[in-house]
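Working notes, structure below.
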Amino acid sequence: MPRLLESEIPYPEDGDVSRLFEVVADRPWSIWLDSGSGHHSGAAHSARYDIIVAEPAITLVTREGVTAVTDEQGEVTASREEPLALLRQTLGRRNDVDLCGVPFAGGAVGYFGYDLARLWERLPEQAEDDLQLPQMAVGIYDWALVCDHQQQRCRLVSTRHHDPQASPWRTLVERFSAASRDDARRPEAPMRATGPVVCNMDREQYAAAFARIQHYLEEGDCYQVNLAQRFSLPVEGSAWSGYKQLRCHGAGPFSAYLNLPGVQILSTSPERFLRLERGQVETRPIKGTRRRLADALLDRQQQQALLGSEKDRAENLMIVDLLRNDLGKSCRTGTVKVPQLFTLESYATVHHLVSSVTCRLAEGEDALSLLQNCFPGGSITGAPKLRAMEIIEELEPHRRGVYCGSIGYIGFHGDMDSNIAIRTAVHHKQRLYYAAGGGIVRDSVCTEEYQESFDKAAAFLGSFPWQE
């Protein structure tokens, strides 16, 4: 019977886990699931654990429905099996080891791109796939460093067959322990923009797409469509330094940094997609946004305006109903509940309305069937979901890729936590890409929706200013 192997790592005095991640930041497939602790307000319920992993035993990378599986010996096999079914097989039988208070001690960590849904739904192919990123990129990790900000503890943990006296484990313990005490951070040049920001829609193109959505809404084709535009700029410097810059401008409780082959993902997401813990499921959709203002009184007025907005509450409620239906595919009849509706959460640049939907997982279902039944998250598609996705494909010039997909973990023990990959930059071939959008309904105003996308992109635009 496997057991939990753990070694205590000193908790950084300043609580800054980035110094610990730097131990492995340049290693293959290093990932930091970052709670953004100390960098945001209004969502303390989720800002407890940071998870650091690197050098997975196995990787699964899916492109156009074909998954390349790289094993521990570096041998690669290609499979046309459905990617989540293949991931389920790779994770193996559920592990019931007592994790002694940590949420994760090994398993799958990575991203599920928005376009993974093409393998399950018939969608048109109109948007340009210019980045050609994998639809899924997931590693299977046999150890994790878990930092608990509530208890101020860091533990290196595994349920696999590590010898605590063997060199690889001892080396990890020594390097993480040294990093937690080391005040001398390695010098690193900041990421710098080398050219101006460009957007894949100008004001007129956005207005034309908005008008097309209004036509569909009036025809009764749909009730809400999430329309996004994508910003990009050329950069120099490391993606890791870029993530630290972006994080300082507004980290969310579901942030993440992924150092993957040929691409790095820099996410400061405020939104939980799905959490599964001992059979209990929660999703926390965001719908409703107001820009933060520097004047405290005006900022409070923004909060009150958002809380009192019938339009924003209606948008939020549409997505709550959509998610209730999605969860109903995987959960026990009668267990779907809405414990929170229209809760205010505030971040560095915006205020949001957030709701919570919960349920109990049904017999025979697991994290991966739950993920598939709810994917992609309704808060970033619209309602009804499939029709909204068809309209998104028609009107957005480029494939979404990682954006609006999900980043997270699925443990050997069967639990899962994941974000909606919004407020997320992709570093690819010396450019950064960052998309932002919002839900369009019948009474939306084009100029306000256009401005909202800039409000949501404010942290990104402020992190890498271009000056000629």
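Laboratory data are not the source of any read-out in this text; all were calculated from the coordinates shown. In this text the structure is predicted, and so the values were computed from the model without any measurement. In this analysis, Cβ positions are derived from the backbone assuming ideal geometry, glycine residues included, and neighbour counts consider all displayed protein chains.
Once both axes come from the Cα atoms, what is the angle between helix 296-307 and the longest principal axis of the chain, in degrees from 0 to 90, rounded to 10?
Roughly 80 degrees, rounded to the nearest 10.
Using modelled backbone amide H atoms (1.01 Å from N, in-plane), which distant-in-sequence or interchain residues come within less than 5 Å of Arg399's amide H?
Amide H to amide H, under 5 Å and 5 or more residues apart or across chains, Arg399 pairs with Glu128, Asp129, Asp130.
In whole Hz, with x marking every Gly and Pro, tabulate ³J(HN,Hα) for the stretch 339-344 from phi via Karplus 6.51 cos²θ - 1.76 cosθ + 1.60, θ = phi - 60°.
Working through the residues one at a time gives x, 9, 9, 6, 7, 8 Hz.
If each of Gln430 and Leu317 carries a label point 7 Å out from its Cα toward its Cβ, how far apart are those two points in nm?
5.3
With a cut-off of 8 Å between alpha carbons and a minimum separation of six or more residues, what is the relative contact order of the chain in percent?
Answer for the chain is 23 percent.
Under the Karplus relation 6.51 cos²θ - 1.76 cosθ + 1.60, θ = phi - 60°, what is the ordered set of whole-Hz ³J(HN,Hα) values for the stretch 131-143, x standing for Gly and Pro?
Computed from phi, the couplings for the stretch 131-143 are 8, 6, 7, x, 6, 9, 9, 9, x, 9, 10, 9, 9 Hz.
Which GluC sites (Glu not before Pro) in the stretch 342-393 sit in a loop by DSSP (not H, G, I, E or B) and have at most 16 other Cβ atoms within 10 Å of their own Cβ?
In loop regions of the stretch 342-393 (DSSP not H, G, I, E or B), the sparsely surrounded GluC sites (Glu not before Pro) are Glu363.
In nm, give the distance between the simple-model label positions of Arg88 and Arg442, each being 7 Å from the Cα along the Cα-to-Cβ direction.
4.1
Hey, rough spin-label estimate for Gln150 and Glu310, points 7 angstrom out along Cα→Cβ, what's it come to in nanometres?
My value for the distance between the label points is 4.0 nm.
Round to the nearest 10 and give me the degree value, 0 to 90, for the angle of helix 446-456's Cα axis relative to the longest principal axis of the chain.
Here the helix axis deviates by roughly 20 degrees.
How big is the gap, in Å, between the Cα center of the stretch 106-130 and the Cα center of the stretch 375-399?
Comparing the Cα centres of the stretch 106-130 and the stretch 375-399, I get a distance of 12 Å.
Using a Cα-Cα cut-off of under 28 Å, which lysines could be cross-linked to Lys311, ignoring same-chain neighbours fewer than 8 residues away?
Partners found: Lys287, Lys337, Lys385, Lys456.
Can you bin every Cα-Cα distance in the stretch 315-433 into 10 Å intervals starting at zero and give me the percent of pairs per bin, rounded to whole numbers?
Bin by bin from 0 Å, the calculated values are 11, 36, 37, 13, 1, 0.
Can you give me the angle between helix 167-181 and the longest principal axis of the chain, using Cα atoms only, in degrees from 0 to 90, rounded to the nearest 10?
With rounding to tens, the tilt is 60 degrees.
Give me the dipole magnitude in Debye, nearest 20, for the stretch 423-468 about the Cα centre, with unit charges on the beta carbon: positive for Lys and Arg, negative for Asp and Glu.
It comes to approximately 340 debye.
Please express the shape of the stretch 172-282 as an equivalent ellipsoid: the semi-axes are the square roots of 5 times the eigenvalues of the C-alpha gyration tensor, given largest first in whole angstrom.
38, 24, 10
Please give me the summed charge of the neighbours of Thr159: other residues whose Cβ is under 9 Å from its Cβ, Lys and Arg +1, Asp and Glu -1.
+1
If you stretched the chain out fully between Leu4 and Asn325, how much longer would it get, using 0.36 nm times the residue separation minus the C-alpha to C-alpha distance?
111.8 nm
Give the aspartates and glutamates whose C-alpha is closer than 13 Å to that of Lys429, dropping any in the same chain fewer than 8 places away, or say none.
Reachable aspartates and glutamates: Asp130, Glu236.
Can you list residues from other chains, or at least 5 along the same chain, whose modelled amide H is less than 5 Å from the amide H of Phe254?
It is Ser269, Glu271, by chain and number.
Mind listing the phi-derived Karplus ³J(HN,Hα) values for the stretch 95-112, rounded to whole Hz, using 6.51, -1.76 and 1.60 with θ = phi - 60°, and x for any glycine or proline?
Calculated HN-Hα couplings, in order: 9, 9, 5, 5, 8, 6, x, 8, x, 8, 9, x, x, 8, 9, x, 10, 10 Hz.
Once amide H atoms are placed 1.01 Å from N in the peptide plane, what residues at a sequence separation of 5 or more from Glu22, or on another chain, have their amide H within under 5 Å of its amide H?
none
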